[in-house]
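Enquirer: Quick one: structure below, then a few questions.
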Amino acid sequence: MQQFDSHQGVVAPLDRANVDTDLIIPKQFLKSIRRTGFGPNLFDSLRYLDEGAIGQDNDRRPRNPDFVLNKPEYSSASILLARENFGCGSSREHAPWALLDFGIRCVIAPSFADIFYNNSFKNGLLPIVLDDEEVAELFIAVKSAPGLELAVDLAAQTVIDNDNQRTYRFSIDEFRKNCLLDGLDEIGLTLKSSAAIKAFEARQRASSPWLYPEQSA
Amino acid sequence: MAKTLYDKLWDSHLVEQRADGSALIYIDRHLIHEVTSPQAFEGLRLAGRAPWRVDANLSMPDHNVSTDRAERAQGMAGIVDPTSRVQVETLASNVQAYDIPGFSMDDPRQGIVHVVGPEQGATLPGMTVVCGDSHTSTHGALGALAHGIGTSEVEHVLATQCLVQQKMQNMLVWVEGSLPVGVSAKDLVLAIIGRIGTAGATGYAIEFAGPAVRELSIEGRMTVCNMAIEAGARAGLVAVDQKTIDYVRGRPMAPTGQMWDKAEVAWRELVSDPGAEFDRRVDLDASALKPQVTWGNSPELVLPVDENVPDPAQESDPAKRESMQRALEYMGLEPGQAISDIQIDRVFIGSCTNSRLEDLRAAASIVAGHHVADSVKQALVVPGSGTVKQQAEAEGLDSIFSAAGFEWREPGCSMCLAMNADKLGPGEHCASTSNRNFEGRQGFGGRTHLVSPSMAAAAAIHGHFVNLQNHSEA
Ligand code: SF4
């Protein structure tokens, strides 16, 4: 996976709760069998005024000038600020792929949907949970100073707003943190436990043989 | 110590508990479809890895397949959209390359993974079941620990037969009473989501229990568990009882003979122990429920059919007010408008939530002897699997639907997320038995109202929503 240790960048405010994965990347783009190329269609139905299709020339499509990522001050944003339950809905990993492909490395929100949260780590996209009040404060800060940059330090578990001299701390579980910091290959790591997996299978085959139909046939 | 059902399932699949709080969990069944697997197979190939245990997997295409009979008869060539076709072809070549079992598009058993798994006995009580699809929670209705995963995890399961997990918390949703006539499992789960919200169960596994859940058929329990994810829970569960055992017996992939006897004994233990502690409990009374209709772009924006669309002006929280306003604008609804006045352009009866035999029977019983309203442009019935389709046809349900002006289709996901040709046009209102009413979910600009199969059938006939409780003969 892509490694992540620290990052500094422009934060874009997407002032919306329950941003679902259908909104992040609509289904017509899930037909791609690749992991890349989703960036131009990130938030497709919010970003463009027409209906998007796969393989289109997106530069020729009418853009929604009111959408935050279409505003010049946020065109280079790499941190997204959103409200609660970000990433709810489908399990599509295309959602973090699209955010990353656009250039987003962190999403800050008061809460995330479970599968999206999990999928993000697998790809080096850091989801950061801050309190409601802290997120509200950041929304005010970024709206009053568009183009505001934040500095994220994963090892220290901090988000620093240098303009306002504020440091926000976030929590994250150890396993995910280490995987991200080291850019670990999780499958390789699990395969180191091959002996334990085989031992489990031997035990289960004895106790629940119906789960191994080749044996019961 | 008294354990919950979730605790038992977790403990019995624990391969390794790690010091950092993560755990390695063994996966008994991995279901695979064409949308979330191509990149996982590619990853496997690039790393030079092989599947750990081929026979634990079961694959089938469902999202992109055509539901049109003539197109379906042409096989791959019948998938008109080339990008959809490539995805279905990619699945076919991947499962062939790795010798993974499954049902191809023209297999009579093909269908939506979450309908086919239980139906074939590929999902059994006590299993851990995963799929690159959030509605994998459906399988929890059989007392299995089942949840959706992303593509990286699909690759992880293929390569290791395990997942790295953090244990969830336990939530109990206890439903007293009995569902009134005209009120179904779908209405129950919509009401639960309306009550706790779409993030209400984030971080939890929900066990649905109580007299009203016991009374549900296994199919009804699947409808409820299917939408556990819509309440934020990764997994939904119902304890094993006699109905579970009866449902599983005789399924093609279920154990037989002595193996069955042994399995049955073990499965009967799959209940929460008396006195087991839950981290959160929610109580509901089924007898007070009415048929539900969603009016906004989140499943939590739901109301009983006899109520009115809410007025954002009455909402004191500014963030909520704004999201209500946005929902009403997208949905083209007026504050205070009666739900029963919402005019319907299309009707979709299908999806992994409501496309099983019981659902089709319920819809057919409303439809019989009536006709789809002139104002309704299209009414689709899409059985969840080839097996459901055959059973329904054997009962003559297809003729009831066809005579009433419904289109009787081939199995697949269809208009649930409109990856194939079945979709809403901009601004069209749909009475849909699916699970998500997100913006654009059923087609660009489409307006989805989630309802039960009977409610969708009645809406098709009347051209607007009606309270089934006042329309006994529809
Ligand atoms: S029917 Fe709908 S929700 Fe179910 S698997 Fe298919 S697309 Fe997903």
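The values are calculated or read from the model by the stated rules, or taken from the named source; none is laboratory data. Since this is a predicted model, take the numbers as computed values, not measurements. Heads up, the Cβs are rebuilt from the backbone with ideal geometry, glycines too, and the neighbour counts pull from every protein chain shown.
Enquirer: Restricting to the range B:257-299, and then to whatever is within 30 Å of residue B:466 (Cβ to Cβ) and within 14 Å of chain A (Cβ to nearest Cβ), can you tell me which residue is nearest to the chain's Cα centre (by Cα)?
Expert: Just the residues of the range B:257-299 that are within 30 Å of residue B:466 (Cβ to Cβ), to begin with: B:282-299.
Checking the rest, the ones that are also within 14 Å of chain A (Cβ to nearest Cβ) come to B:294, B:296-299.
Values: B:294: 16, B:296: 19, B:297: 18, B:298: 16, B:299: 13 Å.
Here the answer is B:299.
Enquirer: If I filter the range A:204-214 down to residues being farther than 14 Å from residue B:27 by Cα and within 9 Å of chain B (Cβ to nearest Cβ), which single residue comes out as surrounded by the most Cβ atoms within 10 Å (Cβ to Cβ)? So that I can check it myself, show each step before the final result.
Expert: Start the filter on the range A:204-214 by keeping residues that are farther than 14 Å from residue B:27 by Cα, which leaves A:206-207, A:209-210, A:213-214.
Add one more test, that the residue is within 9 Å of chain B (Cβ to nearest Cβ), and what stays is A:207, A:209-210, A:213-214.
On the way: A:207: 11, A:209: 16, A:210: 22, A:213: 14, A:214: 8.
Filtering the range A:204-214 for residues that are farther than 14 Å from residue B:27 by Cα and within 9 Å of chain B (Cβ to nearest Cβ), the one surrounded by the most Cβ atoms within 10 Å (Cβ to Cβ) comes out as A:210.
Enquirer: Cβ-Cβ under 8 Å, sequence separation 6+ or interchain: first residue in the range B:223-241 and closer than 20 Å to residue B:211 by Cβ and within 13 Å of the ligand (Cβ to nearest atom), partner modelled with pLDDT of 95 or more and among the acidic types (Asp, Glu). Which pairs?
Expert: B:223/B:359
Enquirer: Here is a follow-up. Given the conditions (1) away from every other protein chain (no Cβ under 12 Å); (2) β-branched (Val, Ile, Thr); (3) within 21 Å of residue B:27 (Cα to Cα); (4) surrounded by 24 or more Cβ atoms within 10 Å (Cβ to Cβ), and given that residue B:149 satisfies all but one, which numbered condition is not satisfied?
Expert: With (1) away from every other protein chain (no Cβ under 12 Å); (2) β-branched (Val, Ile, Thr); (3) within 21 Å of residue B:27 (Cα to Cα); (4) surrounded by 24 or more Cβ atoms within 10 Å (Cβ to Cβ) applied to residue B:149, the lone miss is (1).
Enquirer: Being assigned to a strand (DSSP E or B) and either away from every other protein chain (no Cβ under 14 Å) or within 16 Å of the ligand (Cβ to nearest atom) (or both) narrows it down to one of B:116, B:130, so name that one. It would help to see each step written out before you state the result.
Expert: Working: B:116 fails: assigned to a strand (DSSP E or B).
Residue meeting the stated conditions: B:130.
Enquirer: I've got another one for you. Output the residues belonging to the range A:26-45 that are part of a helix (DSSP H, G or I) and within 9 Å of chain B (Cβ to nearest Cβ). Working first, answer last.
Expert: The first filter runs over the range A:26-45 and keeps only residues part of a helix (DSSP H, G or I), leaving A:27-31, A:39-41, A:44-45.
Residues satisfying the conditions are A:27, A:28, A:30, A:31, A:44, A:45.
Enquirer: Within the range B:232-256, take every residue that is polar (S, T, N, Q) and either touching a helix residue (DSSP H, G or I) at 6+ places or on another chain (Cβ under 7 Å) or within 14 Å of chain A (Cβ to nearest Cβ) (or both) and give me the one that is nearest to residue B:221 (Cα to Cα).
Expert: Out of the qualifying residues, it is B:244.
Enquirer: Here's something else I'd like to know. Go through the range A:180-203 residue by residue and tally those that are within 7 Å of chain B (Cβ to nearest Cβ), assigned to a helix (DSSP H, G or I) and in contact with a helix residue (DSSP H, G or I) (Cβ under 9 Å, 6 or more places away or on another chain).
Expert: Quick first cut of the range A:180-203, residues within 7 Å of chain B (Cβ to nearest Cβ) only: A:186-187, A:190-191, A:193, A:196-197, A:200.
Adding the requirement that they be assigned to a helix (DSSP H, G or I) leaves A:186-187, A:190-191, A:196-197, A:200.
Still in the list and also in contact with a helix residue (DSSP H, G or I) (Cβ under 9 Å, 6 or more places away or on another chain): A:186-187, A:190-191, A:197.
Here the count works out to 5.
Enquirer: Considering the range B:268-288 alone, what residues qualify as being buried (at least 21 other Cβ atoms within 10 Å of the Cβ) and either touching a Pro at 6+ places or on another chain (Cβ under 9 Å) or modelled with pLDDT under 95 (or both)?
Expert: Once the filter is applied, which keeps residues that are buried (at least 21 other Cβ atoms within 10 Å of the Cβ) and either touching a Pro at 6+ places or on another chain (Cβ under 9 Å) or modelled with pLDDT under 95 (or both), the range B:268-288 yields B:270, B:286.
Enquirer: Would you tally the residues in the range B:324-362 being among the hydroxyl-bearing types (Ser, Thr, Tyr) and out of contact with any Leu (no Cβ under 9 Å at 6 or more places or on another chain)?
Expert: Narrowing the range B:324-362 to residues among the hydroxyl-bearing types (Ser, Thr, Tyr): B:330, B:340, B:351, B:353, B:355.
Add one more test, that the residue is out of contact with any Leu (no Cβ under 9 Å at 6 or more places or on another chain), and what stays is B:330, B:340, B:355.
The total comes to 3.
For every residue, the table says whether it meets (1) modelled with pLDDT under 95; (2) within 14 Å of the chain's Cα centre (by Cα); (3) buried (at least 23 other Cβ atoms within 10 Å of the Cβ); (4) not in a helix (DSSP H, G or I).
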site	(1), (2), (3), (4)
B:136	no, yes, yes, no
B:178	no, no, no, yes
B:194	no, no, no, no
B:207	no, no, yes, yes
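Enquirer: Would you confirm whether or not the range B:95-113 contains a residue that is within 29 Å of residue B:227 (Cα to Cα), in contact with a helix residue (DSSP H, G or I) (Cβ under 6 Å, 6 or more places away or on another chain), within 14 Å of the ligand (Cβ to nearest atom) and within 14 Å of chain A (Cβ to nearest Cβ)?
Expert: No, there is no match, as no residue in the range B:95-113 is within 29 Å of residue B:227 (Cα to Cα), in contact with a helix residue (DSSP H, G or I) (Cβ under 6 Å, 6 or more places away or on another chain), within 14 Å of the ligand (Cβ to nearest atom) and within 14 Å of chain A (Cβ to nearest Cβ).
Enquirer: Out of everything in the range B:335-362 that is small (Gly, Ala, Ser) and within 16 Å of the ligand (Cβ to nearest atom), what residue ends up being surrounded by the most Cβ atoms within 10 Å (Cβ to Cβ)? Spell out the reasoning first.
Expert: From the range B:335-362, those small (Gly, Ala, Ser) are B:336, B:338, B:340, B:350-351, B:355, B:362; that's our starting set.
Now restrict to residues that are within 16 Å of the ligand (Cβ to nearest atom): B:350-351, B:355.
Details: B:350: 30, B:351: 28, B:355: 33.
Across the range B:335-362, the extreme among qualifying residues is B:355.
Enquirer: Further, regarding this structure: Residue B:11: surrounded by fewer than 19 Cβ atoms within 10 Å (Cβ to Cβ), under 27 Å from the mean Cα position of the chain (by Cα) and free of Cβ contacts under 8 Å to residues at least 40 places away in the same chain, yes or no? Break it down into steps so the answer makes sense when it comes.
Expert: Details: surrounded by fewer than 19 Cβ atoms within 10 Å (Cβ to Cβ): yes; under 27 Å from the mean Cα position of the chain (by Cα): yes; free of Cβ contacts under 8 Å to residues at least 40 places away in the same chain: yes.
Judged against the criteria, residue B:11 is a match.
Enquirer: Is it true that some residue in the range A:136-150 is within 13 Å of another protein chain (Cβ to nearest Cβ) and under 27 Å from residue A:118 (Cα atoms)? Break it down stepwise before answering.
Expert: Filtering the range A:136-150 for residues within 13 Å of another protein chain (Cβ to nearest Cβ) gives A:136, A:139.
Subsequent filtering for residues that are under 27 Å from residue A:118 (Cα atoms) retains A:136, A:139.
Yes - at least one qualifying residue is present in the range A:136-150.
Enquirer: While we're on this one: From the list B:122, B:146, B:141, which residue is assigned to a strand (DSSP E or B), within 16 Å of the ligand (Cβ to nearest atom), within 29 Å of residue B:252 (Cβ to Cβ) and under 20 Å from the mean Cα position of the chain (by Cα)? Please lay out each step first, then the result.
Expert: On the way: B:122 fails: assigned to a strand (DSSP E or B); B:141 fails: assigned to a strand (DSSP E or B).
Matching residue, one of B:122, B:146, B:141: B:146.
Enquirer: Sticking with this one: For residues that are part of a loop (DSSP other than H, G, I, E, B) and small (Gly, Ala, Ser), scanning just the range B:215-246, find the one that is nearest to residue B:353 (Cα to Cα).
Expert: Of all residues in the range B:215-246, those part of a loop (DSSP other than H, G, I, E, B) come to B:216-217, B:232-234, B:238-241.
From what is left, the residues that are small (Gly, Ala, Ser) are B:217, B:232-233, B:239.
On the way: B:217: 14, B:232: 16, B:233: 16, B:239: 19 Å.
Applying the filter and picking the extreme gives B:217.
Enquirer: Also, quick follow-up: So which residues in the range B:426-467 are touching a Pro at 6+ places or on another chain (Cβ under 8 Å), away from chain A (no Cβ under 14 Å) and of a type outside the set (A, V, I, L, M)?
Expert: Within the range B:426-467, B:433, B:452, B:454, B:467 qualify.
Enquirer: Do we find that residue B:49 is within 12 Å of chain A (Cβ to nearest Cβ), closer than 21 Å to residue B:132 by Cβ, basic (Lys, Arg) and in contact with a helix residue (DSSP H, G or I) (Cβ under 7 Å, 6 or more places away or on another chain) in this structure? Spell out how you get there, then give the answer.
Expert: Values: within 12 Å of chain A (Cβ to nearest Cβ): yes; closer than 21 Å to residue B:132 by Cβ: yes; basic (Lys, Arg): yes; in contact with a helix residue (DSSP H, G or I) (Cβ under 7 Å, 6 or more places away or on another chain): yes.
In short, yes.
Enquirer: Among the candidates B:70, B:47, B:40, B:19, single out the residue that is away from the ligand (no atom under 16 Å from the Cβ) and surrounded by 19 or more Cβ atoms within 10 Å (Cβ to Cβ). It would help to see each step written out before you state the result.
Expert: On the way: B:70 fails: surrounded by 19 or more Cβ atoms within 10 Å (Cβ to Cβ); B:47 fails: surrounded by 19 or more Cβ atoms within 10 Å (Cβ to Cβ); B:19 fails: surrounded by 19 or more Cβ atoms within 10 Å (Cβ to Cβ).
Just a single option satisfies the conditions, and that option is B:40.
Enquirer: Identify all residues within the range B:401-415 that are aliphatic (A, V, I, L, M) and either more than 16 Å from the ligand (Cβ to nearest atom) or surrounded by fewer than 24 Cβ atoms within 10 Å (Cβ to Cβ) (or both); write none if there are none. Give the steps one after another, and end with the answer.
Expert: Let us first name the residues in the range B:401-415 that are aliphatic (A, V, I, L, M), namely B:403-404, B:415.
Passing the criteria: B:403, B:404.
Enquirer: Ok, one more. Can you tell which of B:65, B:80, B:86 is more than 16 Å from the ligand (Cβ to nearest atom), outside any helix (DSSP H, G or I) and more than 30 Å from residue A:200 (Cα to Cα)?
Expert: Numbers: B:65 fails: more than 16 Å from the ligand (Cβ to nearest atom); B:86 fails: outside any helix (DSSP H, G or I).
Criteria check complete, one pass: B:80.
Enquirer: Select from the range B:89-102 the residues that are outside any helix (DSSP H, G or I) and surrounded by 21 or more Cβ atoms within 10 Å (Cβ to Cβ) and list them in ascending order.
Expert: Of the range B:89-102, the ones outside any helix (DSSP H, G or I) are B:99-102.
The answer is B:100, B:102.
Matching residues to (1) surrounded by 19 or more Cβ atoms within 10 Å (Cβ to Cβ); (2) more than 14 Å from the ligand (Cβ to nearest atom); (3) of a type in the set (Gly, Ala, Ser):
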site	(1), (2), (3)
B:399	no, yes, yes
B:417	yes, no, no
B:422	yes, no, no
B:432	yes, no, yes
B:447	yes, yes, no
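Enquirer: Collect the residues in the range B:45-70 that are without any contact (Cβ under 8 Å) to a residue 12 or more places away in the chain and either closer than 21 Å to residue A:34 by Cβ or charged (D, E, K, R) (or both), keeping them in residue-number order. Before the answer, list the steps.
Expert: Our first condition is that a residue be without any contact (Cβ under 8 Å) to a residue 12 or more places away in the chain; within the range B:45-70, this holds for B:45-46, B:48, B:70.
Within the range B:45-70, B:45, B:46, B:48 qualify.
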